[in-house]
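The structure under discussion appears below in the form of structure tokens.
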Amino acid sequence: QVQLVESGGGLVQAGDSLRLSCAASERIYSRYAMGWFRQAPGKEREFVAAIAWFTTGYADSVKGRFTISRDNDGNTVYLQMNSLKPEDTAVYYCAAYRGAWAGRDSKMYNYWGQGTQVTVSS
């Protein structure tokens, strides 16, 4: 059972940057794909970014502004968020599934963190 803990959320102004971290309870680098999803109030959870082996994928709304990466130990995944916009405001969730594809469908992921709030003021 993989446990995931997110951190790094907060309140920032439009144009600022934040880096989210997702710490896993075990070394997952070679066996699990990792994803970031977000959910804004009144909206459905949506895909943000994913990483598996050496491939990555991004939602069109964050491409060029967000970067997903892993540390060399294979226990932590990051989401670097630059040029933040008010529409990026949401609870951000880290997720994992055992596989080799940077999937965009939340149904593929069977391990989830508790989420971290990101609020971007205009």
Tally Lys and Arg at +1 and Asp and Glu at -1 over the other residues with C-beta under 11 Å from the C-beta of Val62: what net charge comes out?
0
Region 25-122: Cα Rg divided by the 2.2 N^0.38 Å rule of thumb:
1.02
For the chain, what does the relative contact order come out to in percent, with C-alpha contacts under 8 Å and a separation of six or more?
37 percent
For a quick size check, give me the Cα extents of region 1-78 along its three principal axes, largest first, whole Å.
34, 24, 23
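The numbers here are math on the coordinates, done by the rules we state, and not lab data. Since the model is a prediction, treat every value here as computed from it, not as a measurement. Cβ atoms come from the backbone with ideal geometry, glycine included; neighbour counts cover every protein chain shown.
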